[in-house]
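Single-structure report; data block below.
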Amino acid sequence: MRVNLNLRETLRGQENTENNKMRKLIYAINITLDGCVDHTKFYPDEETMEYFTQLTRDAGTFFYGRKTYELMVPFWPNVAKTPPGQDDREVDIEFARAFDAVEKIVVFSRSLTSAEGEKTRIVSTGLRDEILKLKQEPGKNIFTGGVNLASQLAELGLIDEYRIVVHPIIIGEGRRLFEGINLQEKLRLKLVESAVFKSGAVALRYLKQ
């Protein structure tokens, strides 16, 4: 199953091609109709995985909190390096390879003391300054996920783009998107793109106004 050509072209359009242009911080996540983002409650279908693979191929840096980092690493790098088994989905392997190819991972955590691999760096202070510094660096955009760190980044107005895939499922439990966020004023977003998958999931792309 393949993402349609127009969607693929649009996804690739987010890559920075001008050296003097600041990189964007992009928040990408799966969510159910009732707002659940708990990865243990539902699993993305093949078309959704392919969508996130295309996004990941346009990432130059991952910026994670500890929980999201430990969820993603070393799991996906191990999948990328392990010969596929009979029951492994091709889309999962492709995502793993795209994930493993990203050049840099920055983890914002006050409790994590060590990280996997040489391309991972841990920072514990200066969240705003760290993001602004990363945005000034050349290369592809910065991607983030999870709940706690994303809420902090949204509070600071640092997220430039929101990529949210809404799945036609009602869970009735689990962690909710932007749970406990503390905003000084409403965060207004502009819908600039949408795509409907065969499963009924809807991929939404919002820009910060």
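Listed here are the residues, each with its yes/no results for (1) basic (Lys, Arg); (2) at pLDDT 95 or above; (3) within 17 Å of the chain's Cα centre (by Cα).
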{"site": "GLU130", "(1), (2), (3)": "no, yes, no"}
{"site": "LYS133", "(1), (2), (3)": "yes, yes, no"}
{"site": "VAL147", "(1), (2), (3)": "no, no, yes"}
{"site": "GLU161", "(1), (2), (3)": "no, yes, yes"}
{"site": "ILE170", "(1), (2), (3)": "no, yes, no"}
{"site": "PHE178", "(1), (2), (3)": "no, no, yes"}
{"site": "LEU191", "(1), (2), (3)": "no, yes, no"}
{"site": "GLY200", "(1), (2), (3)": "no, yes, no"}
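Before we move on, is LEU187 modelled with pLDDT under 95, of a type in the set (A, V, I, L, M, F, W, C), assigned to a loop (DSSP other than H, G, I, E, B) and open to solvent by less than 70 Å² (accessible area, probe 1.4 Å)?
yes
Taking the criterion of being free of Cβ contacts under 8 Å to residues at least 60 places away in the same chain and in contact with a strand residue (DSSP E or B) (Cβ under 8 Å, 6 or more places away or on another chain), would at least one residue in the range 147-157 satisfy it?
Checked against the condition, which is being free of Cβ contacts under 8 Å to residues at least 60 places away in the same chain and in contact with a strand residue (DSSP E or B) (Cβ under 8 Å, 6 or more places away or on another chain), the range 147-157 yields at least one hit.
Residue-by-condition table, conditions (1) more than 30 Å from ILE171 (Cα to Cα); (2) at pLDDT 95 or above; (3) not charged (D, E, K, R):
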residue	(1), (2), (3)
THR10	yes, no, yes
ILE26	no, yes, yes
TYR51	no, yes, yes
THR56	no, yes, yes
PHE62	no, yes, yes
GLY85	yes, no, yes
ASP92	no, yes, no
VAL106	yes, yes, yes
SER109	no, yes, yes
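Answer yes or no: is there a residue in the range 104-111 that is under 23 Å from ILE31 (Cβ atoms), basic (Lys, Arg) and in a loop (DSSP other than H, G, I, E, B).
Taking every residue of the range 104-111 in turn, none turns out to be under 23 Å from ILE31 (Cβ atoms), basic (Lys, Arg) and in a loop (DSSP other than H, G, I, E, B).
Of the residues in the range 75-92, how many are under 21 Å from ASN148 (Cβ atoms) and open to solvent by less than 70 Å² (accessible area, probe 1.4 Å)?
Residues in the range 75-92 being under 21 Å from ASN148 (Cβ atoms) and open to solvent by less than 70 Å² (accessible area, probe 1.4 Å): 1 in total.
For (1) open to solvent by less than 50 Å² (accessible area, probe 1.4 Å); (2) closer than 28 Å to LYS21 by Cβ, each residue gets a yes or a no:
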| residue | (1), (2) |
| --- | --- |
| LYS140 | no, yes |
| VAL147 | yes, no |
| GLN152 | no, yes |
| ASP160 | yes, yes |
| PRO168 | no, no |
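Taking the stated definitions as given, is VAL73 touching a residue at least 60 places away in the same chain (Cβ under 8 Å) and of a type in the set (A, V, I, L, M)?
Answer is no for this residue.
Going through LEU112, LEU177 one at a time, which residue ends up being touching a Cys at 6+ places or on another chain (Cβ under 9 Å) and surrounded by 12 or more Cβ atoms within 10 Å (Cβ to Cβ)?
LEU177
When you look at ASP38, is it acidic (Asp, Glu) and at pLDDT below 95, yes or no?
yes
The values are calculated or read from the model by the stated rules, or taken from the named source; none is laboratory data. All figures in this text were calculated on a predicted structure; none of them were measured in a lab. Note that we place each Cβ from the backbone using ideal geometry, even for glycine, and neighbour counts take in every protein chain shown. Accessible surface is based on the protein model in full, side chains and every heavy atom, while ligands, DNA and RNA are left aside. Shrake-Rupley method; radii C 1.70, N 1.55, O 1.52, S 1.80 Å.
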